[in-house]
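The values are calculated or read from the model by the stated rules, or taken from the named source; none is laboratory data. Everything numeric in this text was worked out from a predicted model, so none of it was measured. With ideal geometry, Cβ positions are generated from the backbone for all residues, glycine too; neighbour counts draw on all protein chains shown. Calculation scope for accessible area: heavy atoms of the full protein, side chains included, ligands and nucleic acids excluded. Shrake-Rupley method; radii C 1.70, N 1.55, O 1.52, S 1.80 Å.
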Amino acid sequence: MKRLTLALFFLCRAGAFAFAAVPQTPEEILHGANQAMDDGHYDQAAQGYRSLLEQGIENGAIHGNLGQALFRQGKVGEALFQYRLAARLKPRDPDLEANLAYLRARATDRIEPRHRNLAVRILQDLAGRMSRRENWFGFMGLWFGFWSVAAARLYWKKDLLRWSSWIVGAGLLLMAASLIQKEFLERPIGVVSPEAKVYSGPGEANVLLFELHEGAEVSLLEREESGWVAMELADGKKGWVKKDHLVTN
């Protein structure tokens with residue numbers, strides 16, 4: 001009888017472990033994370049959202065929810081970084097814009113962007129108002145439209161077609177320039193958390209230039225050395241910081 005009891009005990013334990021090992025679907029993970037968020041378990045919610053991102057399920061809503069969970073934990077720099085990623089995937093979202101504005105207003109460092117000429121401002125503002133997916137669809141649609149109008153002008157010499165080709169061509173050039181900005185010129189971003197000292201070179205033996213506080217946003221340059229990364233501020237100041245003092249991808 002004792003052997004039977006032990007056998008049943010180990011069988012039940014094995015069944016419990018097997019049940020626990022059943023992987024959750026993304027829908028179940030998302031539901032659990034949202035429920036944890038509603039219940040105020042922000043750490044658990046953040047873990048759930050991170051799990052989805054680690055599985056390659058990336059969209060603006062998940063990044064935004066993760067940012068909200070991190071902010072509720074007091075992790076302002078990490079939250080701001082997630083909102084930045086969310087805004088790239090969901091541009092023009094009023095809630096994301098409001099959250100970004102709120103966190104930026106709380107930042108200690110006031111970094112005024114350097115002057116940009118009108119053409120650069122128009123291009124960067126246009127690129128910022130579209131996601132990469134929207135930009136590609138817009139480019140392909142205008143490409144098809146431009147050559148369709150060009151083909152039509154071979155058979156019909158109409159002023160309307162001529163003006164249409166100019167308008168569509170101008171839109172195509174803007175879309176192409178925006179794509180170039182996104183695909184080749186857009187730098188990786190980083191957000192300071194909790195604070196960072198900026199040096200003239202990779203290492204504390206170099207000259208200390210200035211200090212940044214939590215929530216300061218930087219652009220990462222393509223230089224990294226022994227745990228240090230080169231960065232640039234919106235006002236043009238450059239320097240090196242320890243990579244583990246930045247939130248990055």
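Values as computed for the structure displayed
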read-out	value
Condition broken by ARG133, with the remaining ones in (1) in contact (Cβ under 8 Å) with a residue 24 or more places away in the chain; (2) more than 22 Å from GLY190 (Cβ to Cβ) satisfied	(1)
Any hit, the range 170-180, residues being among the polar types (S, T, N, Q) and in contact with a strand residue (DSSP E or B) (Cβ under 9 Å, 6 or more places away or on another chain)	no
Top-ranked residue of the range 208-249 - restricted to ones that are among the charged types (D, E, K, R) and touching a helix residue (DSSP H, G or I) at 6+ places or on another chain (Cβ under 9 Å), ranked as surrounded by the fewest Cβ atoms within 10 Å (Cβ to Cβ)	GLU224
Test: GLU112 is modelled with pLDDT of 90 or more and within 29 Å of LYS237 (Cβ to Cβ)	no
Residue count, the range 179-207 (criterion: surrounded by fewer than 14 Cβ atoms within 10 Å (Cβ to Cβ), of a type in the set (D, E, K, R) and part of a loop (DSSP other than H, G, I, E, B))	2
Pairs, first free of Cβ contacts under 8 Å to residues at least 12 places away in the same chain in the range 76-102, second hydrophobic (A, V, I, L, M, F, W, C) and buried (at least 17 other Cβ atoms within 10 Å of the Cβ), C-beta under 8 Å, six or more apart	GLU97/ALA87
Selected residue (criterion: modelled with the lowest pLDDT) from residues of the range 39-57 that are in a loop (DSSP other than H, G, I, E, B) and of a type in the set (Gly, Ala, Ser)	GLY56
First in the range 205-227 and over 17 Å from VAL191 (Cα atoms), second anywhere and in a strand (DSSP E or B) and open to solvent by 90 Å² or more (accessible area, probe 1.4 Å), Cβ under 9 Å, 6 or more apart	LEU208/LYS197; LEU209/LYS197; LEU209/LYS238
Residue within the range 46-55 that is within 13 Å of the chain's Cα centre (by Cα) and within 18 Å of ASN249 (Cβ to Cβ) present	yes
Residue match in the range 121-136 (condition: modelled with pLDDT of 90 or more, surrounded by fewer than 16 Cβ atoms within 10 Å (Cβ to Cβ) and in contact with a Phe, Trp or Tyr (Cβ under 6 Å, 6 or more places away or on another chain))	no
Some residue of the range 75-82 being surrounded by 12 or more Cβ atoms within 10 Å (Cβ to Cβ) and over 14 Å from the mean Cα position of the chain (by Cα)	yes
Set LEU161, LEU172: member being open to solvent by less than 90 Å² (accessible area, probe 1.4 Å), in contact (Cβ under 8 Å) with a residue 24 or more places away in the chain and in a helix (DSSP H, G or I)	LEU172
Residue list for the range 168-224, restricted to those being more than 21 Å from ARG114 (Cα to Cα), of a type in the set (S, T, N, Q) and at pLDDT below 95	SER193
Test: ILE122 is hydrophobic (A, V, I, L, M, F, W, C), within 28 Å of LEU80 (Cβ to Cβ) and free of Cβ contacts under 8 Å to residues at least 60 places away in the same chain	yes
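Listed here are the residues, each with its yes/no results for (1) within 11 Å of MET175 (Cα to Cα); (2) assigned to a helix (DSSP H, G or I); (3) in contact with a strand residue (DSSP E or B) (Cβ under 8 Å, 6 or more places away or on another chain).
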| position | (1), (2), (3) |
| --- | --- |
| ALA98 | no, yes, no |
| ILE111 | no, no, yes |
| LEU126 | yes, yes, no |
| TRP136 | yes, yes, no |
| GLY141 | yes, yes, no |
| SER148 | no, yes, no |
| ALA151 | no, yes, no |
